[in-house]
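The values are calculated or read from the model by the stated rules, or taken from the named source; none is laboratory data. As the structure is a prediction and not an experimental result, all values here were calculated from the model. Every residue, glycine as well, gets a Cβ built from its backbone with ideal geometry; the counts of neighbours run over all protein chains shown. Note: accessible area is taken over every heavy atom of the protein model, side chains too, but ligands, DNA and RNA are not part of it. Shrake-Rupley method; radii C 1.70, N 1.55, O 1.52, S 1.80 Å.
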Amino acid sequence: MEWKDRADVVIIGGGIVGIATAYYLARFGRHDVVVVEKGTVCSGSTGRCGAGIRAQWGTEMNCRLGIAALDIFENLDAELGMSVGLNQGGYLLIAYSDSEFENLKKGIALQNGLGIKSKTVTLSEAREICPALDASDATGFVYHARDGHADPFLTAFAYLEAAKRIGVSYHKRTECTGITVKGGRATGIDTSRGHIDADVVINCSGACSQIVAKFAGVDLPNWGERHEIMITEPVEAGVCPPMLMSFSGNYYIQQRPHGSIICGMSPAGHPQDFENKTTWQFITAMSRVLNRILPVTKEIRIVRHWAGLYDMTPDGSPIIGETDVKNFYHSTGYSGHGFMLSPIAGKVLAQQLTGNTPDIDLSVLDYRRFARGELIMEPHIT
Ligand SMILES: Cc1cc2nc3c(=O)[nH]c(=O)nc-3n(C[C@H](O)[C@H](O)[C@H](O)COP(=O)(O)OP(=O)(O)OC[C@H]3O[C@@H](n4cnc5c(N)ncnc54)[C@H](O)[C@@H]3O)c2cc1C
């Protein structure tokens, strides 16, 4: 792709958040957008994620973002002209204590008020939704049928190809090494291939966002947290259509359309970690959980196991908006749910930057909330 040393908007980080943001900017009229990516498309967390999509959240902001993202996902194939692999088998949340079930029910009240049709289901209804489920030790179940998953590679490529058709340039193997700030304004970036002048700079560098923000003298509270995930050989299709998820049980489990089971759990203590290293401890612990919840997996093999980074914030909610450096924006800190939120986050940030009225007011996701002590603690995470 032809190198340009000037752009209207330059985006640092070409994962799903950067690509979706670039697409919507161009769609809303700002076509002169350059994305710089130090690796390749999907080489960051996007290509390593479970790709679950849900609207069942515990904060109003995440519920609004989640349902708006689902609305977009449901029409994305037609919009982008390519399949994103959306599969709506629902999310079945599983509680293992009365207090956890009560909290999930509080979530339902919030969600229903925002148009999200989540509901409690009985054990036998849960078994109808997920025929292979063994959860006789569970206290309660909550289900939302429109939730599901998409293919992260297809989604990223679909957004990227559509973005390129309307003017976006994407430079892989191009690392941002600095941000130029003049008179309190971002005016461009330095990269491993040369300087690019820009009117607006957006930090979409995922788990590296704290390092990139520092190039402009901005302190973000984000950190990288390594999460492992694995996929099995296929079992009979249809044994586990929904994403099974438990916050206290610390797992998410889902069957892919071709029959494989993909599953993950959060690391004990949530340590800060920037390496994509994998461990035997994860395989052992995860297999025990998987065999207990889905006994049908007892005699099967794991075919792949990998790790990726969550881009965490202290309250588990993203950071979206301008910083104290004018024209320097962030769309980071997705804390393990950036794939599902990327369509709406990209759309709303692009609406802000093109003079359109945003679908959702994201001002509470400003990074200054941490200094003000106004955290948006998300309870529906592990
Ligand atoms: C195991 C696992 C499971 C997950 N499951 C889910 C899930 O079920 N649902 C969900 O919604 N989310 C999930 N996530 C989270 C999801 O992957 C991320 O929130 C999402 O991919 C974030 O997208 P991003 O574009 O911000 O980050 P990334 O995809 O990491 O993209 C950021 C890009 O910035 C690039 N970059 C960094 N520094 C620079 C620089 N200096 N110059 C140029 N480029 C730079 C990186 O190379 C990277 O490609 C999961 C994550 C993991 C690890």
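Worth pointing out:
- All of (1) assigned to a helix (DSSP H, G or I); (2) within 14 Å of the ligand (Cβ to nearest atom) hold for residue 253 with one exception: (1).
- Test set (1) within 15 Å of the ligand (Cβ to nearest atom); (2) in a strand (DSSP E or B); (3) open to solvent by 10 Å² or more (accessible area, probe 1.4 Å) - residue 199 fails condition number: (1)
- Residue that is farthest from residue 6 (Cα to Cα), among those in the stretch 48-61 that are within 11 Å of the ligand (Cβ to nearest atom) and out of contact with any Pro (no Cβ under 6 Å at 6 or more places or on another chain): 54
- Verdict on residue 179 being within 29 Å of residue 79 (Cα to Cα) and in contact with a Phe, Trp or Tyr (Cβ under 6 Å, 6 or more places away or on another chain): no
- Considering residues of the stretch 202-229 that are buried (at least 21 other Cβ atoms within 10 Å of the Cβ), within 12 Å of the ligand (Cβ to nearest atom) and of a type in the set (A, V, I, L, M) only, the residue nearest to residue 47 (Cα to Cα): 207
- Looking only at residues of the stretch 159-191 that are among the basic types (Lys, Arg) and closer than 13 Å to residue 34 by Cβ, we find that the one that is least open to solvent (accessible area, probe 1.4 Å) is 164.
- Residue in the stretch 238-250 that is without any contact (Cβ under 8 Å) to a residue 40 or more places away in the chain, surrounded by 15 or more Cβ atoms within 10 Å (Cβ to Cβ), away from the ligand (no atom under 13 Å from the Cβ) and under 26 Å from residue 380 (Cβ atoms) present: no
- Positions within the stretch 271-305 being within 15 Å of the ligand (Cβ to nearest atom) and loosely packed, with under 14 Cβ neighbours inside 10 Å, in sequence order: 271, 272, 274, 275, 277, 279, 304
- Positions within the stretch 136-155 being more than 28 Å from residue 48 (Cβ to Cβ), open to solvent by less than 40 Å² (accessible area, probe 1.4 Å) and not in a strand (DSSP E or B), in sequence order: 138
- Residues considered: 64, 30. Of these, the only one that is surrounded by 17 or more Cβ atoms within 10 Å (Cβ to Cβ), more than 16 Å from the ligand (Cβ to nearest atom) and either assigned to a helix (DSSP H, G or I) or charged (D, E, K, R) (or both) is 30.
- Every pair of residues 6+ apart whose Cβ atoms lie under 7 Å, when the first sits in the stretch 1-23 and is open to solvent by 20 Å² or more (accessible area, probe 1.4 Å) and more than 14 Å from the ligand (Cβ to nearest atom) while the second is of a type in the set (Lys, Arg) and not in a helix (DSSP H, G or I): 3/193; 8/30
- Exactly one residue out of 104, 133, 92 is touching a residue at least 24 places away in the same chain (Cβ under 8 Å) and part of a strand (DSSP E or B): that is 92.
- The sole residue among 307, 268, 198, 213 that is among the aliphatic types (A, V, I, L, M) and out of contact with any Asp or Glu (no Cβ under 9 Å at 6 or more places or on another chain) is 268.
- From the list 310, 329, 334, the lone residue that is open to solvent by 40 Å² or more (accessible area, probe 1.4 Å), touching a residue at least 12 places away in the same chain (Cβ under 8 Å) and within 15 Å of the ligand (Cβ to nearest atom) is 310.
- Every condition in (1) part of a helix (DSSP H, G or I); (2) near the ligand (Cβ under 9 Å from one of its atoms) is met by residue 40 except one, and the failing one is (1).
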